[in-house]
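Chemist: My questions will all concern the structure given below.
The values are calculated or read from the model by the stated rules, or taken from the named source; none is laboratory data. It should be emphasised that the depicted structure is a prediction, and the values quoted were computed from it without experimental measurement. Glycine also receives a Cβ, built like all others from the backbone with ideal geometry; neighbour counts cover every protein chain displayed.
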Amino acid sequence: MTATTPPPNSNPDADEPIRRAPKHRPDGTSPPPSPNAAPDKPSRRAPKHRPDGTTPPPETDGLNDALAAIEGMVLNGAKLEQVGAFMKMMGLAQAYTVTEHRTYTQLQERSSVASPDDLLRLNLRSIVAEFGIHTNESDTALLNRAYDAHRLGTDFVGWLDPLREAEVTMRHARALLRHAGIVPDGRRDEYATKVLEFAKGETVAATDAFARKLAAELGAEEFEAAFEHEYQARHVTIEDRDFGMSRITADIPTLQAHAMYDLMQQQAKALREEHVNEADEHRCRVRDAQARGEALSPADAEFIEDPRTVRQLMADLFVETFLTTTPQSMREYDAKGHSRVTATVSIVIPVLNLLNPDAPRDVATLNGMMPVSMTEARDMASKAKCFQRILTDPITGHVVTVDSRTPTPSMRRFLQARDQVCLFPSCRRPAHQSELDHTKPWAAGGNTDVENLGHLCPKHHTLKHQRPWECEQLGNGKVRWRTPRGEWVTVEPRPVGPIFKPVDDQSYDAINDPAPF
């Protein structure tokens, strides 16, 4: 694949319209100024250099002393933050050691269905989940950091003193660990020493790049094996962001990713240049028509310049390419390009906004959780083949209803709308990606009804049944958990529907006032 290099003075990612210098006259002279031309405006861009080319002297505005004190505050705060991160890392490393002792004791006392590694992970998750309640962190994040802390204190002891003295940060250490997996055991010390020397004077991003390259050099064979492993794990993820936007991420081979990006960038630049040319030609035709005193053609009268930047065009091309083309693998499949599945998207739209676009705007949500544009939601609703009505309590906003041991389909729909996410403390796994759990186990006489069912993601479902985490339902999806060390924590789903608040004037005129529904 050949990458084209832009001219030295060009900016390939510039989002501003392309400006062209006027061409020279045939005789090489410059055309005279137009009598109607506006006078030249002074440049608003600061010069790159001083007139004499020297460096300006230090500031003398009297603020340097204040800035020195501020710098001291920033540096002291950064050092305290780094020391705190080190203490947290050491605590998690000790929690890992305690977990090893507990797991060993359990394996000696009784046989376990789970492997030793799975049992250790389950015990460690149970311990750090209780920490996470107080630090507002997910147990998965603390679990991964506990593994990193143990590995750092076991395989990279030389990093502990620099971390304690804040010569490097835990973020530098995570960059070290991120790429250490492919380094052969015999060259681990060399890898740790070189990365530490580099990290002491560099940023985290630079350290990460250095560690990646060094690890690939020290473990070339392991790098190829790791690539094959990662290639087998290639996947696409979606992250819901603010204001009705989402981010799609694909883990794919680097060469393919850069080829895709380069192609989208070239196509977007070509489109942008075409749009600029069209706008320039339109302006020329308008000026000519005005000079001749003629009316504009219908096409010129309706012309609207495309304002999209290169970055916006790249995003649009990405969406259009995926939604409007058929992949080669699908063309060769028996279905011959026809879709074998249909996407299912659940959008919660307040009925008043659906019936009346001028009504006061409430936010439409995806699966009752993620805000989306009401304009897009109404457009989707106009094309929907069916609707599902969800009734909510006007006071609390909780779901009231939705039009054996296995829950019925209507129960599942209701519970997904009610719970929204996994009911374990601090977990945000969506309900539709979680499992329905009998709070009081079926084998212990628990009923299959909405007051005894709730969503738990697979890892927390396992934690509830395998570790001493107890829970009870308090109604409307509210669950009270008892941690292994006896602390009580309550989890409650967020309201899905609007909540009506009382007003001072409760009078209602049945004749003159509109219907209150």
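Chemist: For region 53-104, give me each residue that is assigned by TED's automatic domain parsing to the domain that holds R151 and of a type in the set (S, T, Y).
Modeler: Residues satisfying the conditions are Y96, T97, T99, T103, Y104.
Chemist: Turning to a different aspect of this structure: Considering only region 268-277, I want to know if a residue exists there that is closer than 30 Å to Y231 by Cα and either assigned to a helix (DSSP H, G or I) or assigned by TED's automatic domain parsing to the domain that holds L317 (or both).
Modeler: Looking through region 268-277, at least one residue is closer than 30 Å to Y231 by Cα and either assigned to a helix (DSSP H, G or I) or assigned by TED's automatic domain parsing to the domain that holds L317 (or both).
Chemist: Checking the conditions here, which among A289, A270, A279 is modelled with pLDDT of 90 or more and over 39 Å from the mean Cα position of the chain (by Cα)?
Modeler: A289
Chemist: Another question, then. I'd like to check something: does region 218-238 contain any residue that is modelled with pLDDT of 90 or more, closer than 30 Å to V319 by Cβ and among the small types (G, A, S)?
Modeler: Yes, that holds for at least one residue.
Chemist: State whether one or more residues within region 193-206 are within 27 Å of the chain's Cα centre (by Cα), surrounded by fewer than 18 Cβ atoms within 10 Å (Cβ to Cβ) and at positive phi.
Modeler: The answer is no; no qualifying residue exists.
Chemist: Check off (1) surrounded by 12 or more Cβ atoms within 10 Å (Cβ to Cβ); (2) more than 30 Å from E305 (Cβ to Cβ); (3) within 23 Å of the chain's Cα centre (by Cα) for Y261 and give me the number that stays unchecked.
Modeler: Failed condition: (2).
Chemist: Further, regarding this structure: Specify which of the listed residues (R19, R50) is of a type in the set (K, R), at pLDDT 65 or above and outside the structural domain of M264 (by TED's automatic domain parsing).
Modeler: Matching residue, one of R19, R50: R50.
Chemist: Would you check if P184 is under 30 Å from K79 (Cα atoms), surrounded by 12 or more Cβ atoms within 10 Å (Cβ to Cβ) and over 30 Å from the mean Cα position of the chain (by Cα)? Before you say what the answer is, go through the steps one by one.
Modeler: Working: under 30 Å from K79 (Cα atoms): no; surrounded by 12 or more Cβ atoms within 10 Å (Cβ to Cβ): yes; over 30 Å from the mean Cα position of the chain (by Cα): yes.
No.
Chemist: Counting only residues that are under 25 Å from E221 (Cα atoms) and of a type in the set (S, T, Y), how many does region 164-205 have?
Modeler: 2
Chemist: So which strands (runs of 3 or more DSSP E) are wholly in region 389-488 and hold at least 3 residues that are at pLDDT 90 or above and outside the structural domain of D139 (by TED's automatic domain parsing)? Before you say what the answer is, go through the steps one by one.
Modeler: Working: elements: 390-392, 399-402, 435-438, 453-456, 470-475, 478-482.
Here the list reads 435-438, 453-456, 470-475, 478-482.
Chemist: Taking region 212-267 as the region of interest, how many residues are within 19 Å of F322 (Cα to Cα) and hydroxyl-bearing (S, T, Y)?
Modeler: So the count comes out to 4.
Chemist: Return the total of residues in region 302-323 being within 17 Å of Q266 (Cα to Cα) and assigned to a helix (DSSP H, G or I).
Modeler: 12
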